[in-house]
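Structure first, then comments.
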Protein chains: 2
Amino acid sequence: MAVSKRYPVPKDIEIAQEAQIEPILHIARKLGLPGSSVELFGNIKAKIDWKLGQSDLPKRARYIDVTAISPTPLGEGKTTTTVGLVQGLGYRGHRAVATLRQPSMGPTFGIKGGAAGGGYSQVIPMEDINLHLTGDIHAVSAAHNLCAAAIDARLYHESRWSDAYFEKLGLQKLNIDPYRVGIGRVVDMNDRVLRHIITGLGDREDGPVRQSRFDISVASEVMAILALATDLGDLRSRIGRMVVAHDTKGKPLTAEDFGVAGAMTALLRDAIKPNLLQTLEGQPAFIHAGPFANIAHGNSSVIADQIAVRYADYVVTESGFGADMGMEKFFDIKCRTSGLVPDAVVVVATVRALKSHGGGPAVVPGKPLPNEYKEENLDLLRRGLSNLVAHLGIVKRFGIPAVVAINAFPTDTQAEWDLVRETAVQAGAFAAVVTHHWEQGGEGAADLAEAVEKACEAPKQFQYLYELNQSLTAKIETIARDVYGADGVDYSDESRETLEKLEADGFGTLPICMAKTQYSLSHDPALKGAPKGWRLPIREVRLAAGAGFVYPLCGDMTTMPGLPSKPAFMGIDIDESGKITGLS
Amino acid sequence: MAVSKRYPVPKDIEIAQEAQIEPILHIARKLGLPGSSVELFGNIKAKIDWKLGQSDLPKRARYIDVTAISPTPLGEGKTTTTVGLVQGLGYRGHRAVATLRQPSMGPTFGIKGGAAGGGYSQVIPMEDINLHLTGDIHAVSAAHNLCAAAIDARLYHESRWSDAYFEKLGLQKLNIDPYRVGIGRVVDMNDRVLRHIITGLGDREDGPVRQSRFDISVASEVMAILALATDLGDLRSRIGRMVVAHDTKGKPLTAEDFGVAGAMTALLRDAIKPNLLQTLEGQPAFIHAGPFANIAHGNSSVIADQIAVRYADYVVTESGFGADMGMEKFFDIKCRTSGLVPDAVVVVATVRALKSHGGGPAVVPGKPLPNEYKEENLDLLRRGLSNLVAHLGIVKRFGIPAVVAINAFPTDTQAEWDLVRETAVQAGAFAAVVTHHWEQGGEGAADLAEAVEKACEAPKQFQYLYELNQSLTAKIETIARDVYGADGVDYSDESRETLEKLEADGFGTLPICMAKTQYSLSHDPALKGAPKGWRLPIREVRLAAGAGFVYPLCGDMTTMPGLPSKPAFMGIDIDESGKITGLS
């Protein structure tokens, strides 16, 4: 035990800074990783050779995905539960590993705070995880922005110089359609004024003028590619295939066409190596790649999981937001790519979020929590349980046993826990367990760990939600009906046209990555519980040919968050010795 | 000797990749750095604790700045000479260290190529130096962009919510003047269309609309601050002092006023630690901070130099571009901050650049070199020597002995070298030496090293160019006349107003950091040699209150380069094993 517990539970950053952190070489050694594969970044972080993910060692670990019910904006402790479960499995004597996404710095400085777990279930050093870590997101941003600069530079030079000059350079004009450049630029920041911009103002040398945009880096296709690539060669090919623009005749233009795919991949040479850190109780944790789960596919890297399943008894990964979001994409996109088959799913639920689904008042970050959430209220809770039941139905659709983890809050009552547990089991959960890892670390998650171990041995029949050879619309409609519970799908004219063109261009066999709000099973964040009698609107459809999916945008989805009136950065500081304060 | 030489000299990246690279821990140990101060980044890069720069050890090293004549766009091998000199000093048995800037990735992917030296005088691993290294420039960009996002977010929230709401949050409205936001955003990329942009288009939630800009990251004041800070506390204060906007009454608003200075500094917690690498011949090289020398102060970090002078016999640093640019700023800004006094200056000259100053045809990157540069031409050379003489005059003004390093090219003739040498010595150089380090490594720089050793022992009388208590205009005019050779200075109305306001606001005692073309002693890149009979136009004056200087913009200076028609990135690729090709 690397940390001695105090009550009441102190702030996350205090716990993290008080912990006795083990040299990361010890952690790697305990896991059995060859020393030559470990590249130190200081003493407590390391990068691990991606080639370990392709070794001949058997994939021996049990493989568990942690998902959740539809969350409130405060989050329901999914990362905390993932880390707690790994600590719990460790407490019970197993060699367990967590594989997690690297958090974006945007929310860290905005409203959500950090994402390394919480209480006595954290990955450390939490400051590093929440800031640059080893620079992978920056590398993604640089690769993406190099491509964006390449496109605008080509537009500029093609508008100014003759065909003959290009030929002399050994190049051919691409005739880019300035209105069909597919990518914006990216920055790892919440910066709302960059959502819609005009670039290229000034002089003739500064153009051409275009409307464009910035997305947050974790929404970049390059990030999705990093998360899905199986090795460096695969990364190189996927980047080359990215459709980043179209020519004036409508032909797709790839990163390869712009001659930039090699340099982009060179920028990712180190980012492809998973980062090894540790839990508060000394279990290994891989933190690698971080696409958001609402606007991207929301899962950590294939490579980290491929390494982990070769060295651990249990690999616990986390997919973003609810089972409708990250988990569906985990199965239909990530597992399809990796070929790994999960043994169990953990569905995290909180009494707080269930009450909110039952019609409780809005939960707003930064504002005091209404009384409904601090006192027993079985009626609200009962009404909200429809959301949990719906999520359990989604898991069942994939044929994998589900364990419900009721993430205990001090304000919960025994009667509330009992009600959740009974409903979950009635709805087909393999088990439902109250878990106290936030307050007690691995010991507090021992029951959860035991239930998960048993679920891993239960009979299962994994199946994807859809087959790839179905049409794009059939796949979209299957997700809408079978996962979200919609009555059907309404396509905008633009999205229908795009879908037809994608089928014609040969992209029809790609899987689907829905961009949808995480706060509801529907596209409307206001619809709580398990909404019925609604149709899913598809506003726009985009192609991620390198990542290998088509992503429909359902309703209004922003790909660039904003900062609140009093952002989290106002509380963050650093003292003269280098100790960071105020991160949460 | 860590590399065995081949002839003809192969490409830079081939030499770098063939080299037997020593574990960086050995390099640190050879220099005598305490093991506890070394933070490994893999086996061949490390970060060094900044606190070593403040230890009680005596500052025992001889301290040498490498500068140059006004360069051509191809560069004249200044970094190569710096590394060659360090290798030459090593060859002669001294413990020598190079302290260099981290190159921006913009030029790496654009036109200039890498910046880790060349031939058999390089710092390795060159791929790392030219790409992310340990992520310091990304950290600078993130800190800068967090501040920019904070300003626009505050503008947005203040325009939407009442004074009472702000008070409830414990904040006061700042009443930012949207037309006087002092900073743009930054990206480490050559991306011309970001020079002038409009942000905040879209909906009410996406605003407000403003004209803004992106600069290349190395032009950020945060980079200048990183290079000048003496410790973490100093870094924190300087960032807090940055004037980033004004209120509607004209009062300066600082990063501290926006509550973002602590988080910005937290983002730089690791960037403040110098990066340790090695030369091809195993000498230590610190690579740390990288402000451009035309649009910023153009010198590597104070902290790296403060560490190096405590552990080495000789510390060789490089200031950007010519003696009029980086060297003047080295003395008047960097040395004033650090308190270190240099012992000698090396002025790098090439026959090629001197011929260009003598009226030779334009030297254009990517185009074949005209014959004048490949054949003996003493007339052109003689006329161009005025530029070398002028630069030697600038060095003399500071009271430090100058050694001219004639960086040998295979096309040079003995008669050309003799002419340069004679002229240099007549103009007051302590010595002038032909040097062959590009082809022969340290052995080829042994003569240069010997001359530099002697120059370090010569009598000197260091003096700044100006005193801080002179007025801003007096300081500007001293630089214009005594360094650039101008007849005087012409101020735009705007710049005159700014200067008056800066004096009134108490910034009059700051040093001056001129933003000027590097291709001429004047503001006009077309004026070669040592131009006479011209006046320096000051278009605009900006304040860098955190870095601690005032920077006048002379003529047209872009703070965001563009990509050429056939950018360097087109030649760069990576194979499946992770080997990068095509970097130069």
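The values are calculated or read from the model by the stated rules, or taken from the named source; none is laboratory data. Just so it is clear, the structure is predicted and the values come from calculations on it, not from any experiment. All Cβ positions, even for glycine, are placed from backbone atoms using ideal geometry, and neighbour counts span all protein chains on display. Quick note on the areas: whole protein, heavy atoms, side chains included, nothing else; ligands and nucleic acids left out. Shrake-Rupley method; radii C 1.70, N 1.55, O 1.52, S 1.80 Å.
Annotations for the structure displayed:
- Carbon + sulfur, % of accessible area of chain B - ligands and nucleic acids excluded, 1.4 Å: 49 percent
- Shape parameters for segment A:472-554, alpha-carbon atoms, Rg then Dmax in Å: 12.6, 39
- Shape summary: segment A:136-265 maps onto an equivalent ellipsoid whose semi-axes, from the alpha-carbon gyration tensor, are 24, 20, 12 Å in decreasing order.
- Once the 1.4 Å probe is applied to the protein heavy atoms, segment A:472-554 comes out at 37 Å² accessible per residue.
- Around the amide H of residue B:66, modelled in the peptide plane, lie the amide H atoms of B:317, B:318, B:319, B:346, all under 5 Å away and 5 or more residues distant in sequence or on another chain.
- Estimated translational D of segment B:441-584 in µm²/s (Stokes, Kirkwood radius over Cα pairs; 10 °C; 1.306 mPa s): 84 µm²/s
- Rounded to 0.05, the FRET efficiency of the residue A:535 and residue A:54 pair, given R0 = 45 Å and the Cβ-Cβ distance, is 0.55.
- Between the exposed loop cleavage positions of chain B, defined as GluC sites (Glu not before Pro) in a non-H, G, I, E, B DSSP state with at most 12 neighbouring beta-carbon atoms within 10 angstrom, the longest gap is B:1-374.
- Between copies, residue A:341 shows label-point distances of 7.8 nm, shortest first, with the point placed 7 angstrom from Cα along Cα to C-beta.
- Distances between copies of residue B:204, taken at a point 7 Å out from Cα along the Cα→Cβ vector and listed shortest first: 4.4 nm.
- The protein assembly as shown, Cα convex hull volume normalised per residue, Å³: 156 Å³
- Within segment B:472-554, DSSP assigns beta bridges of which about 50% are antiparallel (rounded to the nearest 5).
- Heavy atoms of residue A:99: accessible area, 1.4 Å probe, square angstrom to 10: 0 Å²
- Here segment A:315-382 and segment B:349-398 have alpha carbon centers that stand 69 Å from each other.
- Bridges between two residues of chain B, per DSSP, are antiparallel at a rate of about 45%.
- Dipole magnitude of segment A:472-554, debye to nearest 20 (Cβ charges: Lys/Arg +1, Asp/Glu -1, about Cα centre): 360 debye
- For residue B:543, residues with placed amide H under 5 Å, excluding near neighbours: B:551
- Kirkwood Rh and Cα Rg combined as Rg over Rh, evaluated for chain B: 0.97
- Surface accessible to a 1.4 Å probe, per residue, for the residues of segment A:136-265, Å²: 32 Å²
- DSSP beta bridge pairing in segment A:89-242, given as percent antiparallel to the nearest 5: 60 percent
- For the chain pair B and A, buried accessible area totals roughly 6300 Å², probe 1.4 Å, rounded to the nearest 100.
- Annotation for residue A:379, label-to-label distances across the other copies: 10.4 nm (shortest first, one decimal, point 7 Å from Cα along Cα→Cβ).
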